[in-house]
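See below for the structure under consideration.
Where a number appears in this text, it was derived from the coordinates with a stated rule and is not lab data. Keep in mind that what you see is a predicted model, and the values were worked out from it rather than measured. Here the Cβ positions follow ideal geometry from the backbone for every residue, glycine too, while neighbour counts run over all protein chains shown.
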Amino acid sequence: MYDLIIIGGGPAALSCAITARKRALECLVVCADENSGWLAKADRLDNYPGMPAVSGKELLRVFREQAASLGAHFMSGVARQVQRLGASFMTLVGNDIVESRAVVLALGAARPALLPGEEELLGKGVSWCGTCDGMFFRNKTVAVLSSWKGGVEEAGFLAGLASSVDYYALKPHDLPEDERITLRDGKPLSLEGRDKQIAVKTDGGEAVYDGVFIFRPAVAPDRILHGLPLDGPFIRVDRRMATGLPLVYACGDCAGQPLQVAKAVGEGNVAAISAAEDLAHA
Ligand SMILES: Cc1cc2nc3c(=O)[nH]c(=O)nc-3n(C[C@H](O)[C@H](O)[C@H](O)COP(=O)(O)OP(=O)(O)OC[C@H]3O[C@@H](n4cnc5c(N)ncnc54)[C@H](O)[C@@H]3O)c2cc1C
């Protein structure tokens, strides 16, 4: 059981972890892929105080090392869902569940672009979670559509259940090398319900499956935590970075503009202090 789970791996999350450790909170940083956030894409920053002309990757490396040296824990994977159960939160990360007393969302501003038909068919043959829904497709035909390497592991898990697994890459990444998994060439363009099955329409035609699993390194904030108050595309927060849901905080780009590293770092610091104060009275 951690005091704090921090979802994200960019400057907001790492700053939050640094201050959380200074406030003696046991914290876990859950990050999809350490180089998938926006900071990793910045070649050079000139407006981060104290580190002129630094590359985004270098800044991230320094932040991460500082958090680790202070005792923050790290876990690689996509946090798909957070649920409050009594006095604690259960966070589903890949196929694992981690427990904490408080949660900080530091997800960045990147939002997954869904395929036409995806949202409407979610829960009706389309799933974003192998662990949650894999069993429904035991001995059935399954397609995995993935934009990143996380889909490879999920496809391996599903191959142990389904009668067949076809794998489509939504974006280039290292593909599975598993004889139980068939790599498909077409680029998925949309999904369509067909009786109790799902048609995956691609630029090369279409194929029909009992189930379609879609994996990306990001999840929309209100899908992670139901009832999260939003303000347009951002999570609504007050000056303490509190979301209004007890012991749930948000910081960095996911909490609004300006989308800047210095602001993300400051908000991560505030979120950690607010969590420490609230946990002391919880
Ligand atoms: C090309 C470019 C240049 C830029 N230049 C500058 C600049 O010069 N100066 C400046 O101040 N800012 C600059 N920025 C903006 C800056 O990078 C962002 O404001 C900053 O990175 C925001 O930090 P963050 O921690 O909120 O989000 P991010 O850095 O985007 O990190 C979010 C992290 O959360 C992870 N994540 C998201 N969802 C999940 C999930 N469900 N489970 C697990 N992990 C998850 C992502 O994989 C990612 O690692 C630039 C951005 C870009 C793209």
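DSSP beta bridges fully contained in the chain are about 45 percent antiparallel. Contact order for the chain, expressed relative to its length and based on alpha carbon pairs under 8 Å spaced 6+ residues apart, stands at 22 percent. Seen against the Cα atoms of the chain and their longest principal axis, helix 56-69 is set at about 70 degrees. Look at the dipole of the chain built from charges on Cβ: of 105, 245, 95, the Cα furthest out on the positive end belongs to 245.
Each label was represented as a point 7 Å from its Cα along the Cα-to-Cβ direction; for residue 133 and residue 35 these points are 3.1 nm apart.
Along the range 251-257 the Karplus relation, 6.51 cos²θ - 1.76 cosθ + 1.60 evaluated at θ = phi - 60°, assigns HN-Hα couplings of 7, x, 4, 5, 9, x, 7 Hz to successive residues, with x for each Gly and Pro. Net length available on complete extension from residue 187 to residue 236 is 14.1 nm, with 0.36 nm assigned per residue and the Cα-Cα distance removed. With K and R counted +1 and D and E -1, the other residues having a Cβ less than 11 Å from that of residue 152 yield a net charge of -4.
Helix 11-22 and the long axis of the chain differ in direction by around 50°, with both axes built from C-alpha atoms. Helix 261-281 axis versus longest C-alpha principal axis of the chain: approximately 80°, rounded to the nearest ten.
Database note for the chain: Cys without another Cys beta carbon under 4.7 angstrom, 16, 27, 31, 251, 254.
When the listed pairs 22/263; 140/201; 41/187; 41/149; 187/263 are checked against a 28 Å cut-off, the alpha-carbon distance exceeds it for 187/263.
Where the alpha-carbon atoms of the range 139-282 are placed on the principal axes, they occupy 52, 32, 31 Å, in descending order. The string of couplings for the range 115-124 from the Karplus curve (6.51, -1.76, 1.60, θ = phi - 60°) is 7, x, x, 4, 4, 5, 8, 4, x, 10 Hz, one whole number per residue in order, with x for Gly and Pro. A Förster radius of 22 Å, combined with the Cβ-Cβ distance separating residue 260 from residue 153, puts the computed FRET efficiency at roughly 0.05. Remark: the range 193-205, residue by residue, has Karplus-estimated 3J(HN,Hα) of x, 10, 6, 9, 10, 10, 8, 9, 8, 10, 5, x, x Hz, where x stands for each Gly or Pro and the curve is 6.51 cos²θ - 1.76 cosθ + 1.60 at θ = phi - 60°. Approximating the spin labels as points 7 Å out from Cα along Cα→Cβ, the residue 43-to-residue 177 distance works out to 3.3 nm.
Each peptide among 99-110, 38-49 gets the average number of other Cβ atoms lying within 10 Å of its residues, and from highest to lowest they stand as 99-110, 38-49. Taking 0.890 mPa s as the viscosity and 25 °C as the temperature, the Stokes-Einstein diffusion coefficient of the range 1-156 based on its alpha-carbon Kirkwood radius rounds to 142 µm²/s. Between residue 206 and residue 26, the C-beta separation translates, for a Förster distance of 51 Å, into a calculated FRET efficiency of about 0.55.
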